[in-house]
Amino acid sequence: QQKSPQNGSYNVSTAFRVESKLPIETVSELIIDMFNFFPAFRTQVFLDKGTPSQRILPKWNGAVNIFPMSKKLTIGQQLEKLNGLPFDFDSELPSRINLIEGRAGEIVVQVVFHHIVADGTTARLIAQKLYDNFQTYINDVTATSEPVEIGTYFEAVQRHDQPNPESMQFWAEQLKGISLNIDLASQANAQEGAGNTSEASTVDSHEFELD
């Protein structure tokens with residue numbers, strides 16, 4: 001990323017089409033609450049005297065970007081274009097929120113991450129937490145005021161944990177012919193300091209061919 005700051009190839013994103021009568025300001029707050037729930041999304045990457053470092057911020061402090069739905073591009077094309085915008089680690093966190101306004105009551109929520117903060121998370125986890133936030137808010141509103149209809153509909157549009165065919169083909173070509181020989185037994189014995197055969201680990205060696 002430092003060598004190619006204008007390269008967005010390391011970005012991954014997940015998007016949902018949300019149909020709700022909630023105002024976009026409320027939707028933004030609920031998404032930010034979801035970001036605050038996951039420490040990885042609040043990770044700040046920086047250089048400390050030339051050494052790459054990271055810290056977890058108490059709250060996500062990024063910006064929510066709002067766009068109109070494109071009249072020239074499909075929603076998939078618009079999402080891919082937004083996903084390709086590189087991160088500037090000097091001025092922003094490696095996580096971003098994009099909201100695309102469609103027809104009345106329709107918002108496409110896209111969360112974009114640099115891959116270093118997306119590892120270990122899935123679209124399902126994000127969707128579940130976001131849905132829980134919406135339901136909690138709706139329940140609180142209906143409990144403190146006259147019953148109102150605030151239906152919420154989620155539809156997955158894009159998933160960062162399902163690489164597209166182009167990405168899969170790229171990595172297949174990059175890794176073709178690479179042999180990864182992992183001698184687990186020797187590594188385990190070296191770490192344990194085994195001195196004789198009776199103490200040696202019974203873990204086998206395995207070889208993987210990436211083609």
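The values are calculated or read from the model by the stated rules, or taken from the named source; none is laboratory data. Note that this is a predicted model, so its numbers are computed, not measured. What goes into the accessible areas is simple: the full protein's heavy atoms, side chains included, and nothing from ligands, DNA or RNA. Shrake-Rupley method; radii C 1.70, N 1.55, O 1.52, S 1.80 Å.
Pairs of lysines in segment 1-133 whose Cα atoms sit within less than 24 Å of one another amount to 7, provided the residues are eight or more positions apart or on different chains. Across segment 1-88, Cα pairs under 8 Å and at least six residues apart give a relative contact order of 41 percent. If you take the Cα centroid of segment 59-106 and the Cα centroid of segment 20-53, the two points sit 14 Å apart. Computed with a 1.4 Å probe on the full set of protein chains, the accessible area for residue 134 sits at about 0 Å². Accessible surface for segment 38-138, divided over its residues, is 55 Å² per residue with a 1.4 Å probe. Each distinct pair of alpha carbons in segment 1-134 adds a 1/r term; the inverse of their mean, the Kirkwood radius, is 15.5 Å.
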